[in-house]
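As structure tokens, the structure follows; a few thoughts come after it.
The values are calculated or read from the model by the stated rules, or taken from the named source; none is laboratory data. Every value quoted in this text rests on a predicted model; they were computed, and no experiment measured them. No Cβ is skipped: glycine too gets one built from the backbone with ideal geometry, and neighbour counts run over all protein chains shown. Just the protein is used for accessible areas: all its heavy atoms, side chains included, with ligands, DNA and RNA removed. Shrake-Rupley method; radii C 1.70, N 1.55, O 1.52, S 1.80 Å.
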Amino acid sequence: MIRKKRRLKTARRPLPLRPILYRFAWQAAGIFIASSVGFCLLFRWLPLPTTAFMLSRYVEDFRYETTFKPIDYRWVGAKKISPAAYQAVIASEDQRFFEHAGFDFREIEMAVDNYFDGRRLRGASTISQQVAKNLFLSPSKSFIRKAFEIWFTLLLEACWSKERILTVYLNIAEFGDHLFGVEAASRRYFGIPSARLSRAQAALLAATLPNPLRFKAASPSAYVRARQQWILGQMRHVAYPR
């Protein structure tokens, strides 16, 4: 008789975890890159319905406030914004905006030198960086968020024109409590559309941008008035190519 060989039952070995994690990480990175590039290309022309920063305001309302506060946000195209508004934000926020590719390394170096000299660390963010932060990221600060900010800043500079970055910045910048965009700010503070902003009015709005919840255009402090006059002086040297 021919004895049948018994088949030994072998336990299935678990799949190695590291290749699975690597594959998942590469897939997630690919989806993130493709979606972020697609988003930037899509909104190179279309109006932005909202931003991550605006959504974070709603989150704060639900966490800390007892009443809901609607956001006042009105998108307008570049031709419906006064040239003075463009000049004012360039003069106040980023005077080398048309010279750099998203990062002003001269300002970064000066900020670092001041810090090591014992002075307060001041911000050196460009307008492009501020658009990247407000549009895509939360207000929280971390090294991971900074890495994402660098990525999105480079992406915006590659996909959008400088005029588009400025137009988006003026539309999504916060000018007061739950008040976003130069159009909404112009109508609330001056009762006019942003296309009719004067140089002085544009400079006043730009003067509040470092901290619009503290520096108020409706009741400007002596500091805000002084900053407005400084911005008006700087605007004489800012040529907005439009």
Task: Added length on full extension, which subtracts the Cα-Cα distance from 0.36 nm per residue, His100 to Arg57 - done: 12.4 nm
Open item on the list: Using a Gaussian network model on the chain with a 10 Å cutoff between Cα atoms, which of Ala173, Ala203, Ala226 fluctuates the most?
Closed with: Ala226
- [ ] Along Cα→Cβ, 7 Å out, is where each label goes; now give me the distance between the ones at Leu17 and Leu46 in nm to one decimal.
- [x] 4.1 nm
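Please report, in debye to the nearest 20, how large the charge dipole of the chain is about its Cα centre when each Lys and Arg carries +1 at its beta carbon and each Asp and Glu carries -1 there.
Working: 38 positive and 18 negative charges, 425 e Å.
Roughly 2040 debye for the chain.
For the chain, report the accessible area per residue in Å² (1.4 Å probe, heavy atoms, rounded to an integer).
On the way: 15390 Å² over 242 residues.
Spelled out: the 1.4 Å probe surface of the chain, per residue, equals 64 Å².
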Open item on the list: Angle check, please: helix 127-136 long axis (alpha carbons) against the longest principal axis of the chain (alpha carbons), in degrees 0 to 90, nearest 10.
Closed with: 50 degrees
Task: Helix axis angle, 105-116 relative to the chain longest principal axis, alpha carbon, degrees - done: 90 degrees
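If packing is taken as the mean number of other Cβ atoms within 10 Å per residue, what is the order of 212-225, 29-42, highest first? Don't skip to the answer; put the middle values down first.
On the way: 212-225: 13.5, 29-42: 12.0.
My ranking of the peptides, most packed first, is 212-225, 29-42.
Calculated FRET efficiency, Lys146 and Ala195, Cβ-Cβ r, R0 25 Å, to nearest 0.05? Could you put the intermediate results ahead of the total?
Working: r = 36 Å, r/R0 = 1.44.
E between Lys146 and Ala195, to the nearest 0.05, is 0.10.
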- [ ] Convert 10 °C to kelvin, take the viscosity as 1.306 mPa s, use the Kirkwood radius over C-alpha pairs of the chain as Rh, and evaluate the Stokes-Einstein diffusion coefficient in µm²/s, rounded to a whole number.
- [x] 78 µm²/s
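In terms of solvent-accessible area of protein heavy atoms at a 1.4 angstrom probe, what is the ranking of Tyr64, Tyr169, Tyr189, highest value first?
Details: Tyr64 150, Tyr169 5, Tyr189 60 Å².
If we order Tyr64, Tyr169, Tyr189 from most to least accessible, we get Tyr64, Tyr189, Tyr169.
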Open item on the list: Only Cα pairs within less than 10 Å get springs; with that Gaussian network setup on the chain, which residue of Arg57, Arg18, Arg187 has the largest fluctuation?
Closed with: Arg18
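Any idea what the dipole of segment 61-205 comes to, in debye rounded to 20, about its Cα centre with Lys/Arg Cβ at +1 and Asp/Glu Cβ at -1?
Working: 20 positive and 17 negative charges, 76 e Å.
Around 360 debye, computed over segment 61-205.
Can you give the FRET efficiency for Ser138 and Ala226, using 1/(1 + (r/R0)^6), R0 = 35 Å, r = Cβ-Cβ distance, to the nearest 0.05? Working shown, then result.
Details: r = 32 Å, r/R0 = 0.92.
Using R0 = 35 Å, I get an efficiency of 0.60.
Which net charge results when you count Lys and Arg as +1 and Asp and Glu as -1 among the other residues whose beta-carbon is under 13 Å from that of Gly102? Write out the running numbers ahead of the final one.
Values: positive: Arg96, Lys133, Lys162; negative: Asp94, Glu99, Asp104, Glu107, Glu149, Glu157.
Around Gly102, the charge tally is -3.
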TODO: For the chain, give the percent of accessible area contributed by carbon and sulfur heavy atoms, probe 1.4 Å, rounded to a whole number.
DONE: 59 percent
- [ ] Please report, in debye to the nearest 20, how large the charge dipole of segment 14-117 is about its Cα centre when each Lys and Arg carries +1 at its beta carbon and each Asp and Glu carries -1 there.
- [x] 740 debye
